[in-house]
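Report on one structure; see the data block that follows.
The values are calculated or read from the model by the stated rules, or taken from the named source; none is laboratory data. None of the values given here were measured: they were computed from a predicted structure. No Cβ is skipped: glycine too gets one built from the backbone with ideal geometry, and neighbour counts run over all protein chains shown. Surface areas here come from the heavy atoms of the whole protein model, side chains and all, with no ligands, DNA or RNA. Shrake-Rupley method; radii C 1.70, N 1.55, O 1.52, S 1.80 Å.
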Amino acid sequence: IVLICIELNTQRKMAIKRFMPDKLTKNLEKKAIEETRLNIQSEYLTIAEDHFYDNGFLNTVMQFVEGNTLREILDTQDRVGEIPAIHASLCLAKAAGDLHKRNILSTDIKPENAIIEPNGRVKLIDLACHETIGPKATVSMGTAPYAPPELLMHENLDARTDIFSIGV
């Protein structure tokens, strides 16, 4: 569940993602809270800035991004043109590159996590499945249809993990 609110001090429009307890594993809870500490600045990423608990629900707070998800676009159009598809892929690659510079993998790049803003820029959202690049990066989170074989096989992950997902 995502709620939209206005931050009183700054009047910024914010999104609050509420995690449902029946779907919140300990690992997902840990990763969602870690996301609020990533502190990465990128015009192609929206990262959770804070978290809180309310009536037993974990909530993360992030900047609200105007636009539609790539999934919404794909579901309403018979096909996406070559130029918009290349543009979206390049924006997602820039987002992944900004993460990789900090040794972080998204591991969950998919149409539902890409928002196309009114100006055409595509932003990657929801890094609750992120992982640190390195020999111990063997996370099993992510979304199966967009996951590379090494993610599904619990093998070591690197930047190619996100690149595969962008390609799908």
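When each of the peptides 35-41, 8-14 is scored by the mean number of other C-beta atoms lying within 10 Å of its residues, the order from highest to lowest reads 35-41, 8-14. Report the FRET efficiency, 1/(1 + (r/R0)^6), for Ile33 and Ile4, where r is their Cβ-Cβ distance and R0 is 25 Å, rounded to 0.05. About 0.70, to the nearest 0.05. A 1.4 Å probe run over the chain, with the rest of the protein chains in place, finds 57 Å² accessible per residue. Per atom type, the chain shows carbon and sulfur on 54% of its accessible surface, probed at 1.4 Å. The listed peptides 19-32, 150-163, 49-62, ordered by packing as a protection proxy, come out as 150-163, 49-62, 19-32 (highest mean of other Cβ atoms within 10 Å first).
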